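What follows is one structure encoded as structure tokens, with my remarks underneath.
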């Protein structure tokens, strides 16, 4: 079945003429039609648009045009990224029916590379959450066990990969929203260096932390996609104006001999599931066996990362989400003669925003208020500086740092819905990377013995050293594959009967 | 009966504070590439960025930074080596993002001053107005409230929003408190705004049209008992859109405050709106409870770190100061202080200069602009510059008078006709058939007729009573419909009567 192949293999099949992009796209659309009622990875499927893009890619190929390595390959786009004319909701009722009049830079780059966009994937509302349960359109189900969460906020993108509805996906990662879903679905996800991929057209949650990145089933596929979307964008002032590191070459290299790998002392132990730690330690042994030197490093300020994150991200979100006021786009509630604009704004926001979004807007509004600013937002920024220093010090001792991606495997839908703190703890190992603006990858490290569910291995590298993630990731991936004999996703059980 | 101004200043000392907003004359907006043409069709100069669409990001207009630095340098400010934008959060329908991107605690220019001169009964007096800061921000859109009687939001049936103005670059120039102006406070306020306007004009960074809102002044006024060093409560008067209004607003507020204080009432800290028709202010938004704008650094923009050599290049290229320029003109034209001051007061200096540059004699150019044209402007309650007569027209008229082709009296007719829209001077002369009657024959005929009509007067003249000739000359002028050269008539008449 072609849909089970990796993107790189699909690209080879297109190049050799074994299949066409239209056929490949149709195969994925069929798969979506078959399984997405249960998975609910997609909020919108653009069959017509996808087939048209596929036909265009085929035509270019037939005409002998020079094509990008991913030309004609289908992709799932997280619904937080705007695509001209295609509904973009961010998983929120607020934006129901909105069709953006412009393309995000990521979409422009995908189009330029002739990547076929299948549709928009489900997510926690405005990317706030770790389970995709906060979507106004219902949760996404983990293909490994449909009663479990696929992680979040980008659960739709990762689930679509694990369910073979798409070989590639775009995610966004503010505190772990690419990496944690990757970990709990047995897929690969990369949060690039902050500024490495343009944020233009990414509906902002927390501007200083948000970063779009690639989601895939292999390290090489992620690198191929990363290369398409990365690079300086004059429309994003925070985008880095420097050459993109040689990530595809690194993903093809996979050599850790002599590399120093730092294990972060603070990101293990209490709160981490035994099976998660066991798989993590086995991966470390494999890396050591490949010639890497394993060292332990300490990042003492990580203890405050979660608390600081939950001041900075809500503060920025309270301002970013202020524009949803029913004046120009999205839903409008209570508009009637004699009702003031302010009342319409209030009624619309009451109906349009979900509980978690309201919680964070209120939290952020409070943290920025006069008299509280220094104690909350100000202190959180200081913590952020200290976390950066922790990383700087650690990177003096190691080329990359590693940890488990998420402390547990996928939990049951509804299990943590009423306990925001328990939910927030999912991101304890991923948040520091965003706070420091560096890059991180999660790749599958095997199944936990307790529940036979995927665990994730996180690799972290300094800013603009994204190539190191791919080098180490590729080495570990190859070692694990030879140990397992088959890719981890061959064990996906939730949709087993049909897979 | 309101309090007399003399009584106000006998008891109280006014303290001024002036905030001036200037729309920069950049071709594109502050954070996007949209046009900034005044008066365009509503909502035709907008894009995802200035409409605040989800996902859109700002990029700073470098020209706006350059202009702001030039303004800072011209106002003797220090240019901050590091400054930042901040978000000022508040909800309003014409604010696309519901936050204004502005500068808060890290403005680009600080600590400057501007010296102004005013003409008083005690001679020319100098005042130094200290500048606290010059910072950049974006303008909001415009709300048009329809259906109500007042054009205000209360009582309106509905409102229309025009976002063409949203994102226009604004510079805000804030003075420190200005004490010590005493009874001259209104004149100092006016002179400050006028001087500032002239500087901005000389820098060519804005079209500084107060009536179009490209230069807007908020006048803060408070009173304290003479000898006290405790500041009184201030009011902030907005909507002051002419130089004359600045003066009137300050004087009006001083009287209003004094009346309240004399009655033992307190001044409310509030925004007040200046009413052009009455010269009074009306109560606006109360500022008793400080609004919490929850400022925080704009995460979508990088800090502004201007290159020191760039600043020095800009400093070196600053044009001649308006005050220096005026001194130079005054010397070149040999104009006494008083007359220079009246040109400045009537706001005609620039037009006079333009007229002189077109070849007119300085004294004549000054005479027309300060005389006939100023008189008509006064009648119409506009400034001379607003009348549809140009320096070129006046230069042409001056030349015609010098060539003897127009008399002063005829020239006045031509000026009136040009202002009435009858065309350029040459066209007016052509259509109206205006010409100086210098033909001796035609004049002699008119003289004979006048003598015949008033023989007794002619006798007096013959007898040596020369002043009596005036009546005959008048009759001749009447006969020739003012087109005769009066000096010539006199010469011929006296000769004819043997004198």
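The values are calculated or read from the model by the stated rules, or taken from the named source; none is laboratory data. What you are looking at is a predicted structure, and each value in this text was computed from that prediction instead of being measured. Quick reminder, even Gly has a Cβ in these numbers, built from the backbone with ideal geometry, and neighbours come from all protein chains shown.
Which residue is modelled with the highest pLDDT, if the candidates are limited to the stretch B:61-95 and must be in a loop (DSSP other than H, G, I, E, B) and within 7 Å of another protein chain (Cβ to nearest Cβ)? Can you show your working first?
Going residue by residue through the stretch B:61-95, those that are in a loop (DSSP other than H, G, I, E, B) are B:61, B:75-77, B:80-82, B:84-85, B:90-95.
Within this subset, residues satisfying the condition of being within 7 Å of another protein chain (Cβ to nearest Cβ) are B:91, B:93.
On the way: B:91: 90, B:93: 86.
Among those residues, the one meeting the criterion is B:91.
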_Output for the stretch B:252-282, where each listed residue is within 25 Å of the chain's Cα centre (by Cα) and surrounded by fewer than 20 Cβ atoms within 10 Å (Cβ to Cβ)_ = B:255, B:271, B:273, B:275, B:276, B:277, B:278, B:279, B:280, B:282
_I'd like the residue in the stretch B:178-194 that is out of contact with any helix residue (DSSP H, G or I) (no Cβ under 6 Å at 6 or more places or on another chain) and surrounded by fewer than 20 Cβ atoms within 10 Å (Cβ to Cβ) and, out of all such residues, is modelled with the highest pLDDT._
B:184
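I need the full set of residues from the stretch A:210-238 which are within 14 Å of another protein chain (Cβ to nearest Cβ) and crowded, with 23+ Cβ neighbours inside 10 Å, in order please.
Across the stretch A:210-238, the qualifying residues are A:210, A:211, A:212, A:233.
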*Residues in the stretch A:52-104 that are touching a helix residue (DSSP H, G or I) at 6+ places or on another chain (Cβ under 6 Å) and assigned to a helix (DSSP H, G or I): how many?*
6
*asked:* Going through A:62, A:54 one at a time, which residue ends up being farther than 21 Å from residue B:48 by Cβ, in the same structural domain as residue A:168 (by TED's automatic domain parsing) and either modelled with pLDDT under 95 or crowded, with 22+ Cβ neighbours inside 10 Å (or both)?
replied: A:54
*Leading residue by the ranking (nearest to the other protein chains (Cβ to nearest Cβ)) among those in the stretch B:260-287 that are over 17 Å from residue B:238 (Cβ atoms) and out of contact with any strand residue (DSSP E or B) (no Cβ under 7 Å at 6 or more places or on another chain)*: B:266
*Quick one: which helices (runs of 4 or more DSSP H) lie wholly within the stretch B:344-436 and hold at least 3 residues that are surrounded by 15 or more Cβ atoms within 10 Å (Cβ to Cβ) and over 17 Å from the mean Cα position of the chain (by Cα)?*
B:362-370, B:391-402, B:408-419, B:425-432
*Set A:207, A:147: member being surrounded by fewer than 24 Cβ atoms within 10 Å (Cβ to Cβ) and either within 12 Å of another protein chain (Cβ to nearest Cβ) or more than 22 Å from residue A:416 (Cβ to Cβ) (or both)*: A:207
*Can you tell me which residues in the stretch A:387-417 are buried (at least 18 other Cβ atoms within 10 Å of the Cβ) and in a helix (DSSP H, G or I)?*
A:387, A:390, A:391, A:394, A:395
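Could you say which residue among B:300, B:307 is over 32 Å from the mean Cα position of the chain (by Cα) and either exposed (fewer than 13 other Cβ atoms within 10 Å of the Cβ) or over 30 Å from residue A:319 (Cα atoms) (or both)? Spell out the reasoning first.
On the way: B:300 fails: either exposed (fewer than 13 other Cβ atoms within 10 Å of the Cβ) or over 30 Å from residue A:319 (Cα atoms) (or both).
Selected residue: B:307, the only one of B:300, B:307 that is over 32 Å from the mean Cα position of the chain (by Cα) and either exposed (fewer than 13 other Cβ atoms within 10 Å of the Cβ) or over 30 Å from residue A:319 (Cα atoms) (or both).
Being without any contact (Cβ under 8 Å) to a residue 24 or more places away in the chain and assigned by TED's automatic domain parsing to the domain that holds residue B:399 is true for just one of B:487, B:471, B:420. Which residue is that? First the steps, then the outcome.
Details: B:487 fails: assigned by TED's automatic domain parsing to the domain that holds residue B:399; B:471 fails: assigned by TED's automatic domain parsing to the domain that holds residue B:399.
Residue meeting the stated conditions: B:420.
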